[in-house]
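Asker: If you scroll down you'll find the structure; I have some questions about it.
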Protein chains: 4
Amino acid sequence: MIVEMSRGATRDQVDHVVERAHSFGFEVQLNLGIEKTVVAILGSDTGKVQTDVFAVLPGVESVIRVMKPYKLASREFHPRPSKINVSGVEVGGQRVVIMAGPCAVESEKQLMETAKAVKELGAAVVRGGAFKPRTSPFSFQGLEKDALKMLAKVKSDLGIPVITEVVDIQNIGLIAKHADILQVGARNMQNFALLKELSKVMHPILLKRGLSATVTEWLTAADYLLAEGNRRIILCERGVRTFEDSVRFSLDISSIAVVKHFSHLPIIVDPSHAAGHFAYVPSIAKAAIAAGADGLLIEVHPNPREALIDGLQSLNIPNFERLMAELRPIAEAVGRYI
Amino acid sequence: MIVEMSRGATRDQVDHVVERAHSFGFEVQLNLGIEKTVVAILGSDTGKVQTDVFAVLPGVESVIRVMKPYKLASREFHPRPSKINVSGVEVGGQRVVIMAGPCAVESEKQLMETAKAVKELGAAVVRGGAFKPRTSPFSFQGLEKDALKMLAKVKSDLGIPVITEVVDIQNIGLIAKHADILQVGARNMQNFALLKELSKVMHPILLKRGLSATVTEWLTAADYLLAEGNRRIILCERGVRTFEDSVRFSLDISSIAVVKHFSHLPIIVDPSHAAGHFAYVPSIAKAAIAAGADGLLIEVHPNPREALIDGLQSLNIPNFERLMAELRPIAEAVGRYI
Amino acid sequence: MIVEMSRGATRDQVDHVVERAHSFGFEVQLNLGIEKTVVAILGSDTGKVQTDVFAVLPGVESVIRVMKPYKLASREFHPRPSKINVSGVEVGGQRVVIMAGPCAVESEKQLMETAKAVKELGAAVVRGGAFKPRTSPFSFQGLEKDALKMLAKVKSDLGIPVITEVVDIQNIGLIAKHADILQVGARNMQNFALLKELSKVMHPILLKRGLSATVTEWLTAADYLLAEGNRRIILCERGVRTFEDSVRFSLDISSIAVVKHFSHLPIIVDPSHAAGHFAYVPSIAKAAIAAGADGLLIEVHPNPREALIDGLQSLNIPNFERLMAELRPIAEAVGRYI
Amino acid sequence: MIVEMSRGATRDQVDHVVERAHSFGFEVQLNLGIEKTVVAILGSDTGKVQTDVFAVLPGVESVIRVMKPYKLASREFHPRPSKINVSGVEVGGQRVVIMAGPCAVESEKQLMETAKAVKELGAAVVRGGAFKPRTSPFSFQGLEKDALKMLAKVKSDLGIPVITEVVDIQNIGLIAKHADILQVGARNMQNFALLKELSKVMHPILLKRGLSATVTEWLTAADYLLAEGNRRIILCERGVRTFEDSVRFSLDISSIAVVKHFSHLPIIVDPSHAAGHFAYVPSIAKAAIAAGADGLLIEVHPNPREALIDGLQSLNIPNFERLMAELRPIAEAVGRYI
């Protein structure tokens, strides 16, 4: 951390900062400029201490963090990219992993029909919402336990891993029994109570980026999941909130390169929730793979016009087929395959 | 809802939209323009239906919502401002209610010292965090149950209501036993699992606005809390995420007038979390009262330099005293008192 | 436009809205719901009238625009994609057009060396800043007229079109004499005085998206340029301002699909200004082409370490060579070439 | 500036950074941590150098700016608040200066009627747009020179200073002849060509904050105006672009305290453009004064229903009268008067 003293700060005030740093076991080096003193606070754990601890001291003008606040998710902690095994499917390897299926499980028929189709077309994982976090209490909330059983049936009948969202602590155990990957939704990215419980489960976890979370906050949230030893964490960019109103969320395409730069964790992209409209999904999906994403999470519905949730952003089967055909050459162009 | 058909949409496509609307029990009126057909879908419950239901139909260009998606929190549902009784303190009435205390309860001494001081200076409620949602798993997480007992002691010794945050479902019952107001933090505003459980508690609830939630989403989240009959919901504006980097969050001062326009719920303001720096707190606090806020939630610490969390944004007691003296004439200027 | 009357609006108030609409020559259709009256205002020119004109009338609750405020830039006005000829290079056709060169022209040697290299590596246009809009008055402001002459020399010696930025009205004529494409920078996207003058020049114009402009505002700004008959307008996405702080601007990848949906104008992408760091440029550049962009605007400098402006975001020649090799298979994967 | 070297950076790489710093005449101090070397670059002019100059050097991980990039607008340059005399009216003093009038001058009658009313009700300056920057080329663009004459008539007949916007360089001289304060609109805050020309005029200038400008960028833009010796610069906060859609722009109330902290320049607030709706103007206006703003810029129209521009955000005369009555006690509560 870099503590900038204000002009005219006294020697005592500087000493106070130094003492505070020493109390945390940090090293300190003073930079005596003509106009201002700058105190460099050094140590591998400075990322764990709030800047406020120094910023409140008298004579301090500002405190700037040099070390990132996350550790376990960082490249410095784990220099090489993590490859994560999900029931035999590797995420973060050469294969671009397509996870596809309906936003919400609506019936066994709807789920099975979609699962068979997407598997045949090359999807490696089937997605399907059982517990749905809805912005309005009057909306359809998901089939819950019944949906979990349908997902388990897809898994056993088709031999394909399934992913579904966890929305509360109570159901973690139940969901872990039926699903291969537990998904943390964007609105729960900083639901730390949920993250702490999930860190104790040894299932692969997909952590969606919060609607307005910086990449740094996202990786710090991943540290919660990594803290108990679970290494199988997958990040998922799904768009952030901006002023732009032609799409539901603005997909942050640069987050792929940034995450790859700072973290070893694999990152996939959800173009469906970002776009909010099926017409924009293919363009974003192709961009994501070209940018280096390790996979996609795509909503597919056999009949979007009858979907109970988010029909507009779902591809129907023929559109998904067309997209998969378009994605393959892009994957090859970046030295990967689907 | 207003469904705009695309240029050249067929009669069949228009009929399809009409049928879909009728299937929900809505009325329909057609507007046949020269270039485009516009279908108006009318009914008091259109706010509960996703626009996607129509947007996915062939020939539809766009769907625009006229009715708000929230209902119970709206002025149309409850035309007059709600006044909420919290253990004898009225929120939403003529008194501007000041809630003050430390970000986190750190010790009985720290809490009691602060509580006595703020009560004497005019605070109506004491705040203190027991369970802390922290962005990093390595940070201090709160004294939890011990802190609840200390809050209960403040309540009984000083006869002043207390407010503390709920971060998970498991502890709702325990917290409700000790605290007068249950606070939902910004990062949990759309933790619907938590909201659903809280709606069953008949305690007053303070719902902070999410970091990137629109006012509409915030009021829709309030609908979750109101759905089971609890009427004692207080909104709290605490700043939203923007590009501006001189403060932690940008306090949305206009949200006060907007909330008062669309909702009957009282709204208070947290200047401390928004500013992130004690020096900016008084200016924002004064603005909030002038704008019509029903109260303030302010962080006060007897010794911010030793605070374990967020010391920089906490006022010390003399600064809080000065602020209270400045707030009183503002409250009077808008026809209220503290 | 859709005018929603408030509950209890009188017949007179509705009539007033109808009269106002008629005064603009618009058609009107009434939708009498049980709770509310909705007035649909129809006509092909409603996009040109401010919603305020109706929103201020008594009894009006809200006014929603159905027609877009832009016209000449829209697909409805010009259904097929525009292909723009720039001194023999087609923008918007099958070739992905790479425009590359230094942020600022610093010397004839620097410019010529870069121009030769990028041309040989496949760039179709050379970029180079002559007049620089700088956020600080103390920064290097560009070589101005001298730079224009160097650009003209590149154009005549190498036979490659050049693009440079226009920052004020006075120099339009001068720049038009030397450059093939006139660039409007992001900070000038709504400098309407400049746009109006530029609309009178028949040169191709590249219109960068404003830092916080919606796609709708961007296309409306394009209408200014199209208003006098100039058809050769190229859009350039260069990132928008968000809360994310790991990059300079967040490239809005979805804007490519959105622009293609609503407009006939070609769109290229500037990954350099968005990223702010050369390490992120290749990932974003590849994504842009996969998403369907018609070209790229890339900063290349023979020695970024000595660059006077924005060295960090510039590729050196070997990095540009590597990028071009990576871009070609992506272009082919989407059925195009470089 | 603080240059953080990456782990494993060589001694040569560190030396390279040091040399580069010396080449600008800066002092350097090395901080040799266990894991990383941090180079502190000291000097009063480091704010004028781009961080890129160091960030591009090999072995550099990141560069962080400690000194602000602005200088003349800073408190360090001019410690005490500036008071600006505008034709006898002091801005930045004890009087809260109300500037009021129509968005656009539409006729002599409309302007004179409004001017008389607002003057009588306590406004110190009359506003009125002559040249209008409009987002669509099809919208009313202002009465231009005719409007300037009407403003000059108001000034001479009523003896009250007038303010109007400058949108291009050509008309600066003309406007300066008729108006007391030249206004730079939000969309021109970084129109540096315009700022440079305006810095040569010795008129008071009101600099509106850009739609997505940080406070730091705003003060840096002010440096352009201050660079030639003009000291009479007034800042105007008018709302920034965020995701919130219930208002046109989100007024950044905390910018008042932040500007007062870092700059000596007076700051006023425009609640009308921020709100976009007259109903929200009073709440924001009161908040601004309570927060410490030195004045307000308010749109008033004798008949908003007939306004050619922005009618919805204009107060009519009775509403303005009511607002002035509400503002006076707030001004008194903060030790000022209107």
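Asker: Just for strands (runs of 3 or more DSSP E) wholly inside the range A:34-117: which have at least 3 residues that are in contact (Cβ under 8 Å) with a residue 40 or more places away in the chain and within 9 Å of another protein chain (Cβ to nearest Cβ)?
Answerer: Hits in the range A:34-117: A:60-64.
Asker: For B:Val125, state whether it is crowded, with 19+ Cβ neighbours inside 10 Å, β-branched (Val, Ile, Thr), farther than 28 Å from A:Gln190 by Cα and at pLDDT 95 or above. Can you show your working first?
Answerer: Working: crowded, with 19+ Cβ neighbours inside 10 Å: yes; β-branched (Val, Ile, Thr): yes; farther than 28 Å from A:Gln190 by Cα: no; at pLDDT 95 or above: yes.
Spelling it out, it is not the case that B:Val125 is crowded, with 19+ Cβ neighbours inside 10 Å, β-branched (Val, Ile, Thr), farther than 28 Å from A:Gln190 by Cα and at pLDDT 95 or above.
Residue-wise test of (1) over 18 Å from the mean Cα position of the chain (by Cα); (2) open to solvent by less than 20 Å² (accessible area, probe 1.4 Å).
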position	(1), (2)
D:Lys71	no, no
D:Ser82	no, yes
D:Glu90	no, no
D:Gln94	yes, no
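Asker: Kindly list the number of the only condition in (1) within 19 Å of the chain's Cα centre (by Cα); (2) part of a loop (DSSP other than H, G, I, E, B) that fails for C:Ser246.
Answerer: Of (1) within 19 Å of the chain's Cα centre (by Cα); (2) part of a loop (DSSP other than H, G, I, E, B), only one is false for C:Ser246: (1).
Asker: Report, by residue number, each residue of the range C:1-19 that is among the β-branched types (Val, Ile, Thr) and in a loop (DSSP other than H, G, I, E, B).
Answerer: C:Thr10
Asker: Could you tell me which of the residues B:Ser263, B:Ser272, B:Ser199, B:Ser255 is touching a Phe, Trp or Tyr at 6+ places or on another chain (Cβ under 9 Å), modelled with pLDDT of 95 or more and within 14 Å of chain A (Cβ to nearest Cβ)?
Answerer: B:Ser272
Asker: Tell me which residues, restricted to the range D:304-330, are more than 14 Å from D:Ala123 (Cα to Cα) and in contact (Cβ under 8 Å) with a residue 60 or more places away in the chain.
Answerer: D:Ala307, D:Leu308, D:Ile309, D:Asp310, D:Gln313, D:Ser314
Asker: Report, by residue number, each residue of the range D:3-34 that is at pLDDT below 85 and open to solvent by less than 60 Å² (accessible area, probe 1.4 Å).
Answerer: Across the range D:3-34, the qualifying residues are D:Gln29, D:Leu30, D:Asn31, D:Gly33.
Asker: Still on this structure, I have one more. Looking at (1) open to solvent by 20 Å² or more (accessible area, probe 1.4 Å); (2) in contact with an Asp or Glu (Cβ under 6 Å, 6 or more places away or on another chain); (3) under 21 Å from D:Ala213 (Cα atoms); (4) not acidic (Asp, Glu), can you tell me which one C:Ala193 breaks?
Answerer: (1)
Asker: Across the range C:20-33, what is the number of residues that are touching a strand residue (DSSP E or B) at 6+ places or on another chain (Cβ under 8 Å) and not in a helix (DSSP H, G or I)?
Answerer: 8
Asker: So how many residues does the range A:155-186 have that are assigned to a helix (DSSP H, G or I), open to solvent by less than 40 Å² (accessible area, probe 1.4 Å) and closer than 22 Å to A:Val118 by Cβ?
Answerer: Of the residues in the range A:155-186, the ones assigned to a helix (DSSP H, G or I) are A:155-158, A:169-178, A:186.
Going one step further and asking which of them are open to solvent by less than 40 Å² (accessible area, probe 1.4 Å), we end up with A:158, A:169, A:171-172, A:175-176, A:178, A:186.
Then drop every residue that is not closer than 22 Å to A:Val118 by Cβ, which leaves A:158, A:175, A:178.
Total satisfying the criteria: 3.
Asker: Out of all the residues in the range C:318-329, is one or more open to solvent by 10 Å² or more (accessible area, probe 1.4 Å), facing another protein chain (nearest Cβ under 9 Å) and of a type in the set (A, V, I, L, M)?
Answerer: no
Asker: Give me the pairs: first residue in the range B:282-299 and over 14 Å from B:Val118 (Cα atoms), second residue open to solvent by 10 Å² or more (accessible area, probe 1.4 Å) and of a type in the set (S, T, N, Q), beta-carbon distance under 9 Å, and six or more apart or on different chains, which are they?
Answerer: Listed by first residue and then by second, the contacts come to B:Pro282/B:Asn319; B:Ala290/D:Ser283; B:Ala291/D:Ser283; B:Gly292/D:Ser283.
Asker: Moving to a separate point now. Within the range C:202-223, does at least one residue satisfy the condition of being of a type in the set (Phe, Trp, Tyr) and either away from every other protein chain (no Cβ under 14 Å) or farther than 30 Å from C:His261 by Cβ (or both)? Write out each step before concluding.
Answerer: Here is the first cut: in the range C:202-223, the ones of a type in the set (Phe, Trp, Tyr) are C:218.
After this cut, where a residue has to be either away from every other protein chain (no Cβ under 14 Å) or farther than 30 Å from C:His261 by Cβ (or both) as well, the list is none.
Checking the range C:202-223: not a single residue is of a type in the set (Phe, Trp, Tyr) and either away from every other protein chain (no Cβ under 14 Å) or farther than 30 Å from C:His261 by Cβ (or both).
Asker: Just for the range C:65-105: of the residues that are at pLDDT 95 or above, touching an Asp or Glu at 6+ places or on another chain (Cβ under 9 Å) and of a type in the set (D, E, K, R), which one is nearest to C:Ile160 (Cα to Cα)?
Answerer: C:Arg95
Asker: Something else now. Would you check if there is a residue in the range D:290-301 being at pLDDT 95 or above, part of a helix (DSSP H, G or I) and within 14 Å of chain B (Cβ to nearest Cβ)?
Answerer: yes
Asker: Please list, ordered by first then second residue, the pairs with beta carbon atoms under 7 Å, 6 or more apart or interchain, first in the range C:133-144 and at positive phi, second open to solvent by less than 60 Å² (accessible area, probe 1.4 Å).
Answerer: Sorted first by the residue in the range C:133-144, then by its partner, the pairs are C:Gly142/C:Ala104; C:Gly142/C:Gly129; C:Gly142/C:Ala130; C:Gly142/C:Phe131; C:Gly142/C:Lys132; C:Glu144/C:Ala130; C:Glu144/C:Phe131.
Asker: Would you please name the residue that is surrounded by the fewest Cβ atoms within 10 Å (Cβ to Cβ), looking only at residues in the range C:128-154 that are within 14 Å of chain D (Cβ to nearest Cβ) and at pLDDT 90 or above? Give the derivation first.
Answerer: We begin by selecting, within the range C:128-154, every residue within 14 Å of chain D (Cβ to nearest Cβ); these are C:129-142, C:144.
Narrowing further to those that are at pLDDT 90 or above: C:129-131, C:144.
Working: C:Gly129: 26, C:Ala130: 26, C:Phe131: 23, C:Glu144: 15.
The selected residue is C:Glu144.
Asker: Which residues, counting only those in the range A:250-275, are among the hydrophobic types (A, V, I, L, M, F, W, C), over 22 Å from A:Arg95 (Cα atoms) and open to solvent by 10 Å² or more (accessible area, probe 1.4 Å)?
Answerer: none
Asker: If you check B:Gln141 against the conditions, is it assigned to a helix (DSSP H, G or I) and within 30 Å of A:Thr46 (Cβ to Cβ)?
Answerer: Working: assigned to a helix (DSSP H, G or I): no; within 30 Å of A:Thr46 (Cβ to Cβ): yes.
In short, no.
Asker: Just to be sure I understand the filter: pairs with C-beta atoms under 7 Å, separated by 6 or more residues or on different chains, first member in the range D:224-246 and within 10 Å of chain C (Cβ to nearest Cβ) and under 16 Å from D:Glu90 (Cα atoms), second member open to solvent by 30 Å² or more (accessible area, probe 1.4 Å) and hydrophobic (A, V, I, L, M, F, W, C). Which pairs pass?
Answerer: Final answer for the pair search is none.
Asker: Which of the residues belonging to the range D:198-228 are in a loop (DSSP other than H, G, I, E, B) and touching a Leu at 6+ places or on another chain (Cβ under 6 Å)?
Answerer: Selection gives D:Ser199, D:His203, D:Ser212.
The values are calculated or read from the model by the stated rules, or taken from the named source; none is laboratory data. As the structure is a computational prediction, the values presented were derived from the model and not from experiment. Note that we place each Cβ from the backbone using ideal geometry, even for glycine, and neighbour counts take in every protein chain shown. SASA here: full protein model, heavy atoms, side chains in, ligands and nucleic acids out. Shrake-Rupley method; radii C 1.70, N 1.55, O 1.52, S 1.80 Å.
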